[in-house]
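Peer 1: To start, I am sharing the structure in question, which I have written as structure tokens.
The values are calculated or read from the model by the stated rules, or taken from the named source; none is laboratory data. Since this is a predicted model, take the numbers as computed values, not measurements. For neighbour counting, all protein chains shown are included, and Cβ atoms are generated from backbone atoms with ideal geometry for every residue, glycine included. SASA here: full protein model, heavy atoms, side chains in, ligands and nucleic acids out. Shrake-Rupley method; radii C 1.70, N 1.55, O 1.52, S 1.80 Å.
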Amino acid sequence: MYQSSFGTINQVQFSNEHEYYELLGFLAKSDGSTSLVWERNEEQGAWGSEGRIKFYSRILPFSATLSHTAGVGNVVSRVNCNEFVENLNIDHNFVMGSLQNISAIRATIPNGYLADFDRGLNL
């Protein structure tokens, strides 16, 4: 479900619903440019679990505002935001990993924003 910002320090922000659904399309495309992970950091003595979006490319062709942190290895950058990752999973049928079921996700998109979602898929 759309919100203009997610996270305790607004790590993910949108100017409008069009940006939100465009980003969902981009994240759904399963072309190796992103993946969703839920890291159990508390198992290594850190504060707690972290929902992350990992980006494998420097070029991010969408207009949403994301607070990126440094990546490791082949991960160029990542966005740490439990609230947004939960939103993707619970409200839009995203799964952890890099392969998404586009049809299942598309079924959660309101008709008025399908063009935005499709634009994200094609970025």
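Peer 1: Quick one: Ser103 ticks every box in (1) within 15 Å of the chain's Cα centre (by Cα); (2) surrounded by fewer than 19 Cβ atoms within 10 Å (Cβ to Cβ) bar one, so which box is it?
Peer 2: Going through (1) within 15 Å of the chain's Cα centre (by Cα); (2) surrounded by fewer than 19 Cβ atoms within 10 Å (Cβ to Cβ) one by one, Ser103 breaks only (1).
Peer 1: Go through Ser63, Ser57 for me and flag whichever is more than 14 Å from Leu24 (Cα to Cα), touching a residue at least 24 places away in the same chain (Cβ under 8 Å) and out of contact with any strand residue (DSSP E or B) (no Cβ under 6 Å at 6 or more places or on another chain).
Peer 2: Ser57
Peer 1: Looking at the stretch 22-32, can you tell me whether even one residue there is out of contact with any helix residue (DSSP H, G or I) (no Cβ under 8 Å at 6 or more places or on another chain) and open to solvent by less than 70 Å² (accessible area, probe 1.4 Å)?
Peer 2: Yes, there is a match, as at least one residue in the stretch 22-32 is out of contact with any helix residue (DSSP H, G or I) (no Cβ under 8 Å at 6 or more places or on another chain) and open to solvent by less than 70 Å² (accessible area, probe 1.4 Å).
Peer 1: Hey, which of the strands (runs of 3 or more DSSP E) in the stretch 1-98, taking only ones fully inside, have at least 1 residues that are more than 21 Å from Ile109 (Cα to Cα) and among the β-branched types (Val, Ile, Thr)?
Peer 2: The strands (runs of 3 or more DSSP E) meeting that bar are 34-39, 68-70, 77-80.
Peer 1: While we're on this one: Here are some conditions: (1) surrounded by 13 or more Cβ atoms within 10 Å (Cβ to Cβ); (2) free of Cβ contacts under 8 Å to residues at least 12 places away in the same chain; (3) of a type in the set (A, V, I, L, M). Val75 meets all but one. Which one does it not meet?
Peer 2: Here Val75 meets the rest and fails (2).
Peer 1: Here's a follow-up. With the checklist (1) modelled with pLDDT of 90 or more; (2) over 14 Å from Leu123 (Cβ atoms) in hand, flag the one item Ser33 doesn't pass.
Peer 2: For Ser33, the failing item is (2).
Peer 1: Quickly run through the stretch 1-21 and pick out the residues that are of a type outside the set (Val, Ile, Thr) and open to solvent by less than 30 Å² (accessible area, probe 1.4 Å).
Peer 2: Selection gives Phe6, Gly7, Gln11, Phe14, Glu19, Tyr20, Tyr21.
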